Amino acid sequence: MRTYLVTGGAGFIGSNYIHYMFGKYDNAIRIINVDALTYAGNLANLKDIENRENYTFIRADICDREAIAKIFRGNDIDRVVHFAAETHVDRSIRTPEVFVQTNVLGTAVMLNCAKAAWELPDGSFKPGKKFLHVSTDEVYGSLPEDDNAFFYETTPYDPHSPYSASKASSDMLVRSYMDTYHFPANITNCSNNYGPYQFPEKLIPLIINNALQGRKLPVYGDGKNVRDWLYVEDHAKAIDMVQEQGRLFETYNIGGHNEKQNIEIIHIILETLQEMLPEGDPRKAYVNEGLITYVEDRKGHDRRYAIAPDKIKAEIGWEPETRFRDGIRKTIRWFFENEEWMENVTSGDYQKYYEEMYGGR
Ligand code: NAD
Ligand code: DAU
């Protein structure tokens, strides 16, 4: 039985990945989820699997070398899937240091502990061990808006925000371990994800939540920045395929071939909410374009991201499966069915963050 050490498994993509993996492998794998439970980590995301015998949750900070080394000492880990990170660009503009701490130092600790646990006396590694570092397309910088250019694995790194700079640094550390020690790893660089369990600081859940409450929908700048959206389950599947079928030491870009301007995304969400809200629901009266409010632009706002997932398709056969309209419907349905989840995550600290970020809007 393979044992996985998943970091950041209580967050958005990590929890979707854990659900995907148990759905696929059931009792044939064991998962240890290590998460510090920051504002973004939520054990409610894993309620349905928390009592499985082949699942263990450990609350620990990835920067805590002793705690992470102890987990490696106590378990024969076969796979590391490293999600844990500070992930929100706006927060990185306000408080960059925690991004350096978790994303750079935390990744160094994870690499070091895995290396120590897996290395043999001759400097080679125990057979079959693999580390996958989950990263982002933001490391490649920004593409011109009216351009057919895409991010490839060979595109030079050009990060702009403290978040993307910290992720780029963490990628470089992983590369350095592969180059220096022949450490068995892969890096994946993925585009924007959306789906269930996403924290409502990110565009799509924020717009869904605000619209349902009749709050303003804040659009940064002219609303024409482009992101390439991928349904989170497709990302989870890609990560598993890269780890099992990809070539070690390689980087794979993962993307949806689904570029949209932010303002288009907002229109699609509003239309879909209108279609899905039942007749007679009072929210139907106010969920409309009147809520859209243009606000000050994000500092250093990258204009366009677009991934070319050609390599992962050619080598591994992965392709995005979920059409955007279907993914948005599934996501909205999930939010309708999990109103309590949203109420819980938007109480307390979220209120404070929202006030500071968006003022009284
Ligand atoms: P998230 O913010 O929803 O979750 C991050 C998780 O990491 C949380 O559970 C949090 O508690 C945990 N964490 C944070 N600091 C920690 C620490 N010091 N020690 C242990 N755990 C800690 O993030 P997400 O959106 O699920 O992103 C997961 C990963 O995927 C990140 O590495 C991110 O850079 C990458 N990524 C995200 C996207 C996206 O669109 N969300 C796209 C591409 C890549
Ligand atoms: O590209 C992958 C990245 O996608 C991940 O690495 C990051 O972890 C993830 O947060 C995401 O980064 P973005 O900055 O692209 O995502 P966000 O949802 O914050 O914003 C998407 C776009 O929407 C961006 O152009 C900014 C804009 N935006 C965002 C918010 C929160 C608004 O116009 N209004 C808003 O209120």
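Some values worked out for this structure:
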{"item": "Accessible surface of Asp158 - all protein chains present, 1.4 Å probe, nearest 10 Å²", "result": "80 Å²"}
{"item": "Percentage of interatomic Cα-Cα distances in region 1-69 larger than 17 Å", "result": "35 percent"}
{"item": "Listed residue pairs exceeding 21 Å between alpha carbons, taken from Lys70/Lys126; Lys284/Lys330; Lys216/Lys284; Lys24/Lys115; Lys237/Lys260; Lys129/Lys167", "result": "Lys24/Lys115; Lys237/Lys260; Lys129/Lys167"}
{"item": "The chain, accessible area per residue, ligands and nucleic acids excluded (1.4 Å, Å²)", "result": "42 Å²"}
{"item": "Shape of region 1-133, Cα gyration tensor, a/c cut at 1.5", "result": "oblate"}
{"item": "Order of exposure, largest accessible area first, which applies to Glu145, Glu340, Glu201 with probe 1.4 Å", "result": "Glu340, Glu145, Glu201"}
{"item": "Point-charge dipole on Cβ atoms (K/R +1, D/E -1) for region 2-358, about Cα centre, debye to 20", "result": "620 debye"}
{"item": "Alpha carbon convex hull of the chain, projected area averaged over orientations, nm²", "result": "17.7 nm²"}
{"item": "Computed magnitude of the charge dipole of region 85-173 (debye, nearest 20; Cβ of K, R +1, Cβ of D, E -1)", "result": "640 debye"}
{"item": "CD proxy at 222 nm, helix term only [per DSSP H run n ≥ 4: -39500 (n - 2.57); per residue of the chain; nearest 500]", "result": "-12000 deg cm²/dmol"}
{"item": "Farthest positive-ward along the chain dipole, Cα basis, beta-carbon charges - from Phe22, His257, Ser92", "result": "Phe22"}
{"item": "Share of carbon and sulfur in the accessible heavy-atom surface of region 2-358 [1.4 Å probe, %]", "result": "48 percent"}
{"item": "Within a Gaussian network of the chain (alpha carbon springs, distance under 10 Å), most fluctuating of Leu291, Leu120, Leu217", "result": "Leu120"}
{"item": "Intensity falloff of region 197-315 expressed as log10 I(q)/I(0), Debye formula with alpha-carbon point scatterers, at q = 0.10, 0.14, 0.18, 0.21 Å⁻¹", "result": "-0.41, -0.72, -0.98, -1.16"}
{"item": "Exposure rank, largest accessible area first [His182, His301, His235; 1.4 Å]", "result": "His182, His301, His235"}
{"item": "Estimated distance in nm for a label pair at Asn112 and Lys352, the labels positioned 7 Å out from Cα along Cα-to-Cβ", "result": "3.1 nm"}
{"item": "Positive-pole candidate from Thr154, Ile316, Asn288, dipole of the chain, charges at beta carbon", "result": "Ile316"}
{"item": "In degrees, nearest ten, helix 324-337 long axis to first principal axis of the chain (Cα)", "result": "80 degrees"}
{"item": "Candidates Ser166, Ser124, Ser142, ranked by Gaussian network fluctuation over the chain, Cα under 10 Å, top entry", "result": "Ser124"}
{"item": "For region 118-215, alpha-carbon Rg relative to the globular expectation (2.2 N^0.38 Å, N residues)", "result": "1.45"}
{"item": "Extension reserve of the Glu275-Glu319 stretch, reckoned as 0.36 nm per residue once the Cα distance is removed", "result": "13.0 nm"}
{"item": "Residues with amide H under 5 Å from that of Glu86, placed H, sequence gap 5 or more", "result": "Asn103"}
{"item": "Whole-angstrom gap from region 236-297 to region 1-56, using each part's C-alpha centre", "result": "23 Å"}
{"item": "R0 of 45 Å, Cβ-Cβ distance His257-Asp122: FRET efficiency to nearest 0.05", "result": "0.55"}
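The values are calculated or read from the model by the stated rules, or taken from the named source; none is laboratory data. The shown structure was predicted, so the numbers you read here are calculated from the model rather than taken from an experiment. As a convention, Cβ positions derive from the backbone with ideal geometry for all residues, glycine included, and neighbour counts pool all protein chains shown. Only protein heavy atoms, including side chains, enter the accessible area calculation; ligands, DNA and RNA are left aside. Shrake-Rupley method; radii C 1.70, N 1.55, O 1.52, S 1.80 Å.
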